[in-house]
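Everything on this sheet refers to the single structure shown next.
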2 protein chains.
Amino acid sequence: MCRAWIAEGRAGDPLVNSCLPLVSKAYAYSQPQSPRSLRKRRQRRVGTGGLFVDVPSIASSPGERSAYVSNPYLSTMKEDILYHFDLGTRTHDLPAMFGDVKHGIGIPSILIMLHELIKLLSHAKCSDVVAFRMGTSGGIGVQPGTVVVTKESVNPSFNPVFELVVLGVTKSYPTALNERLAQEMLNCSKELGKFDTVFGNTLCTSDFYEGQARLDGAFCHYTAEEKMNYLNAACKAGVRNIEMESTAFAAICARSGIPGAVVCVTLLDRLQGDQISSSHEVLSEYQKRPQMLIAHYIKKNFKTK
Amino acid sequence: MCRAWIAEGRAGDPLVNSCLPLVSKAYAYSQPQSPRSLRKRRQRRVGTGGLFVDVPSIASSPGERSAYVSNPYLSTMKEDILYHFDLGTRTHDLPAMFGDVKHGIGIPSILIMLHELIKLLSHAKCSDVVAFRMGTSGGIGVQPGTVVVTKESVNPSFNPVFELVVLGVTKSYPTALNERLAQEMLNCSKELGKFDTVFGNTLCTSDFYEGQARLDGAFCHYTAEEKMNYLNAACKAGVRNIEMESTAFAAICARSGIPGAVVCVTLLDRLQGDQISSSHEVLSEYQKRPQMLIAHYIKKNFKTK
């Protein structure tokens, strides 16, 4: 049995601090590690949009490939280079490794990361993987600081699909997320009892300014009233927050068969404005909330398994 | 007169090393700077996908706003916070500053960067700005290491448009680039005489794997023959390289009136394969080529003005 948690979020993750000793212990249990290599791993987990992957035990038989990938060409390749991770199947002993990356904002960045991560999980023969997209977002009709666990991730037309042009043809993928995992996240929030967590739809856009109906971009050719009409329509469609990765994340989770959850904190209520007015300290505390939820989930699952 | 160059590329930019003394001199000419602040600037210019902006002289009259932005709401705001740059019009003296950022891969990342950069140029009252998108790409029918100066940036259907969903409606923007600037880049390459530079179309995608017809992603549901048909069709449409930012960059340049050029080196020929096989040393040398071209352009223009 092998289990990996993936969480992508922002800099200085307390999740790492909170879970690393626990995870390290489990990791060490199956594979002895020098404290130096653990320290090195910890040091590498910095920067905006870090990725957190832990594979505490690996017990699949050699030669076996995990079921997450779906590409017949992979097995014909002598070497597979995960270019953006700077890893290769010949140069690195992937079953004995796990990686973390820095990445950017938006669907293209998360797609690259997920393609290479899923291949990495496959090369490393992982199973029973659970994936989290965690981060920050703009709220819709909720108090700043509220955590939103995503029910459906929707595109800018409020449909639960992710579209990608492949060989010149637009492909449409459903963005259904794992209901049981979402429910577990809501239970975790109740158990913690430290902040509000709601279950709602998440709007995913390809642009932070015009794409999210902001009035504070370099370009704006709609009125404040048209903006509010759009945000109110989103609210009516069950949208509780807006971010820029969730449809691609949900679609890839569905395609790979990895249960996934999207857990984002809201930094402002977009029905009240466009700019974030909370202090740096308050925002820092908000950003820890999804990480606290996920850390709680990981701790619970380590204890019960 | 105020001039700013923007170049976004990869880590360890030799452009910085090559141009900083020159730019610093010009900068010092209009605004005395301590060596410490210059050193600090140089230190901040690191990391993958760095942005390089220089505003060597600022001579517009106070209160004047540059013409690049097109948003009537900006002037009504007491404070404008450029969230992703961590800058504000009240907390920072923007006319006396310039910024640089790290960002990710793809259209959403570059859109955020450009919105905030263009607002920054406006707040800083810059004029006569020239913008470069520089970086790496996959080639189509050209030798690895060839630099492509973009004629037209095209979407995955090979049309020179950038589409963005705004308030639920798909907006289409032309991706015309500045012809004179492109020609100047080609002249620079001739003058340098160090590597091949071609003038061709650039295909811009939202995904590195399926979106670029690769066979080495986590998912692949087309045949090797279908892949080649698509890449050959791209070649027939004048495409010489593939990357992930140029349509958005070109559209924003056109909308803001900033002359822009896209200058990317090819790391492989996609008609020959999907994985990059050149050594790290060779790739490092390739990555310097767009930077050398742009540095040459900057040096030439400093000398003649």
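Each value in this text was obtained by applying a stated rule to the coordinates, not by laboratory testing. The shown structure was predicted, so the numbers you read here are calculated from the model rather than taken from an experiment. Virtual Cβ from ideal backbone geometry, glycine too; neighbours counted across all protein chains shown.
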| task | Could you quickly flag the chain A residue whose beta carbon comes closest to the rotation axis taking A to B, and that distance in whole angstrom? | result | A:GLY104, 0
| remark: By the Cα gyration tensor axes a ≥ b ≥ c (a/c under 1.5 gives rounded; else a/b larger than b/c gives prolate, otherwise oblate), the shape of the range B:146-305 is oblate
| remark: Under the 7 Å Cα-to-Cβ spin-label approximation, B:ASP93 and A:GLN143 lie apart by a distance in nanometres of 4.1
| Cut-off under 5 Å, modelled amide H: who pairs with B:VAL148 long-range | B:VAL198, B:CYS264, B:VAL265, B:THR266
| field | Cα-Cα over 19 Å, subset of A:LYS227/B:LYS171; B:LYS227/B:LYS288; A:LYS119/A:LYS299; B:LYS119/B:LYS299; B:LYS194/B:LYS299; A:LYS190/A:LYS288 | value | B:LYS227/B:LYS288; A:LYS119/A:LYS299; B:LYS119/B:LYS299
| field | Burial order of peptide ranges B:112-118, A:156-162 (average beta-carbon count within 10 Å, highest first) | value | B:112-118, A:156-162
| said: Highest mean first, how do A:130-140, A:72-82 rank when packing is the count of other Cβ atoms within 10 Å averaged over residues? | reply: A:130-140, A:72-82
| task | With a 10 Å radius around each residue's Cβ, average the other Cβ atoms per peptide and rank B:253-261, B:270-278, highest first. | result | B:253-261, B:270-278
| Per-residue ³J(HN,Hα) for the range A:290-302, Karplus 6.51 cos²θ - 1.76 cosθ + 1.60, θ = phi - 60°, Hz, x for Gly and Pro | x, 5, 5, 4, 5, 4, 4, 4, 5, 4, 4, 6, 5
| note | Neighbours of A:LYS151 by Cβ distance under 11 Å: Lys/Arg at +1, Asp/Glu at -1, summed charge -1
| task | Give, rounded to the nearest 20 debye, the magnitude of the charge dipole that the range B:198-304 has about its Cα centre when Lys and Arg contribute +1 at Cβ and Asp and Glu contribute -1 at Cβ. | result | 760
| query | Taking Cα centroids, how far is the range A:111-176 from the range A:222-292 in Å? | reply | 13
| request: Can you list the distances in nanometres, one decimal and ascending, from the B:ILE276 label point to the identical position in each other copy, with the point 7 Å along Cα to Cβ? | output: 3.1
| Taking the simple approach of a point 7 Å from Cα along Cα-to-Cβ for both B:GLU225 and A:TYR73, what is their distance in nm? | 1.5
| query | Full extension from A:ASN187 to A:ASN159: what is 0.36 nm times the residue separation minus their Cα-Cα distance, to one decimal in nm? | reply | 7.4 nm
| FRET E, pair B:LYS236, B:LYS299, Förster distance 45 Å, beta-carbon r, rounded to 0.05 | 0.75
| request: Rounded to the nearest 0.05, what FRET efficiency do B:SER127 and B:THR170 give with R0 = 45 Å and r taken as the Cβ-Cβ distance? Could you check? | output: 0.85
| field | Average partner coverage of B:154-167, which counts Cβ from other chains inside 10 Å | value | 4
